Amino acid sequence: MTITPNPGIAAMAPYTLPDLSVPPGRRAVLLAQNESALPPSPAALAAAQSALADSRFYADSEWRNLRAAIAEVHGIDPGHLLCGAGSMELIQMLGLGYLGPGGRALSPAFGYLYFRTVVQLAGAALDLAPETDLTVNVDALLAGLRPETRVVFVANPGNPTGTRIARAELLRLRDGLPDRVLLIIDEAYGEFADAAGESMFDFPARGNTVVLRTFSKVYGLAGLRVGWGVFPPAVAAELRKIQNPGSVSAVSLAAAAAAMRDQPYMRRVRDETAARRDRFAAAMRQLGFTVPHSHTNFVLIRFASAKAATGAADALRAGGIVLRPMGGYELPDCLRATIGSEDDMAHVRDAIAEWVDRERTA
Ligand SMILES: *Cc1c(COP(=O)(O)O)cnc(C)c1O
């Protein structure tokens, strides 16, 4: 007797996480998931510790302390904020709330893979709009609209490209979309671009745009699962019906609030990560690779062919280094390298330089 799942679920492929295995005895250098190069703020760790002692109580399902911290730092009305178990939970809630059978979503060609999963989960279909030079192309998105399009999803800066488009372009996108289409702007790496002074937090006031952020990247709290976003109040009210009210643990909320209040620490992590990133990208370009300018904590390295990228990934893994292959994003000639410690980046740079040498003489 076989238990049959819902047909839509049976048809789905599992979300593919990277293979993080390295040969036995090798020190693993795991740079495949865009985790922070540096530990979280000491204030966040202390707050988590003290919240742990109160674990017999349920977490505050209104996230009051965390919302207040975000509101103070970013000047946002706390009533427009929702928190979730990572921004992935918020993306899932948006998919369940605003997509459904017969509905369609639209995303740039190299858009974040989890979004594709959510579209399937909602029983909807996804259209992809071409990008130009690995950068979101607003005209292509507008040309890709269909009468059934209900949601447009743009990660800015993008993952896995690392590139970003200006606020003026997002404004042009929003203005070109019908009012009934929900625009989701995923700013998982937004802190790396904040220096450009192009905040998008005013967009949700238009009633049909949400802006998402996360504590998983620059704040270094990926394992605690906290995301947040700015939502039109009517959208927030619908999403609260979908969400498990206890999805973010009390320990996670306490850590995230303290991390948010420690902006000097966040800025140090961001600037140090960006400096390492730019040095690493320059070294890769010197070796002959194409590397788009990144506004994130990772770089995308373009090889001469898919075969070369696969060969390099295998050679690196044999030495203990795991980068993210990009076949799932239809960029099989690319590897994505998260920025890690200075030592790790020097090690990766040397390993890639050796691979290049071997290829030249092979
Ligand atoms: C890492 C990432 C996320 C973050 O997911 P969390 O659930 O907050 O850990 C969301 N969107 C993009 C584009 C990402 O790269």
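Here are some notes:
- Compactness ratio for the stretch 133-221: Cα radius of gyration over 2.2 N^0.38 Å (N = residue count) comes to 1.07.
- Where the chain is the region considered: accessible area per residue in Å², 1.4 Å probe: 44
- For Thr290, nonlocal amide neighbours, meaning residues 5 or more places apart or on other chains whose placed amide H falls under 5 Å from its own, are Arg302.
- Phi angles of the stretch 126-141 translate, via the Karplus equation with coefficients 6.51, -1.76, 1.60 and θ = phi - 60°, into HN-Hα couplings of 10, 10, 10, 9, x, 9, 10, 6, 6, 10, 4, 10, 5, 4, 5, 5 Hz per residue; Gly and Pro are given as x.
- Carbon-plus-sulfur accessible fraction, the chain (probe radius 1.4 Å, protein heavy atoms only): 54%.
- For q = 0.08 Å⁻¹, Debye-computed log10 I/I(0) when each Cα of the chain counts as one equal scatterer: -0.41
- Compactness of the stretch 250-289 - radius of gyration and Dmax, Cα, Å: 15.8, 48
- Highest average packing first - 279-285, 157-163, 20-26, Cβ atoms within 10 Å: 157-163, 279-285, 20-26
- For the stretch 74-89, 3J(HN,Hα) computed residue by residue from phi via the Karplus equation (6.51, -1.76, 1.60; θ = phi - 60°) reads 9, x, 10, 4, x, x, 9, 9, 10, 10, x, 6, x, 5, 4, 5 Hz, glycine and proline entered as x.
- Over the stretch 232-307: Kirkwood hydrodynamic radius from C-alpha pairwise inverse distances, Å: 16.4
- Most tightly packed first, judged by the mean number of other beta-carbon atoms within 10 Å of their residues, the peptides 215-223, 316-324 read 215-223, 316-324.
- Charges were assigned to the Cβ only: +1 to each Lys and Arg, -1 to each Asp and Glu. The resulting dipole of the chain about its Cα centre is roughly 300 debye.
- Structure remark: mean-square fluctuation, Gaussian network model of the chain, C-alpha springs under 10 Å; the largest value among Val348, Val73, Val248 belongs to Val73.
- Per residue, the Cα convex hull of the stretch 211-264 amounts to 90 Å³.
- Relative intensity, log₁₀ I(q)/I(0), of the stretch 1-104 from a Debye sum that treats every alpha carbon as a point, q = 0.21, 0.23 Å⁻¹: -1.24, -1.32
- Principal axis analysis of the Cα atoms in the stretch 88-176 yields extents of 32, 26, 19 Å, listed in decreasing size.
- Counting only the Cα atoms, the stretch 175-300 fills a convex hull of 142 Å³ per residue.
- Stokes-Einstein translational diffusion, the stretch 36-91 - Kirkwood Rh over all Cα pairs, 1.567 mPa s, 4 °C, in µm²/s: 98
- Mean projected area (nm²) of the alpha-carbon convex hull when the stretch 169-230 is viewed from all directions: 4.4
- For the stretch 259-353, the convex hull drawn through the C-alpha positions has a volume of 105 cubic angstrom per residue.
- Gyration tensor over the Cα atoms of the stretch 79-140: the corresponding equivalent ellipsoid has semi-axes (square roots of 5 times the eigenvalues, largest first) of 22, 16, 10 Å.
The values are calculated or read from the model by the stated rules, or taken from the named source; none is laboratory data. These numbers come from a predicted model, not from an experiment. Reconstructed Cβ throughout: ideal geometry from the backbone, glycine too, with neighbour counts over all protein chains shown. For accessibility, only protein heavy atoms count, side chains too; no ligands or nucleic acids. Shrake-Rupley method; radii C 1.70, N 1.55, O 1.52, S 1.80 Å.
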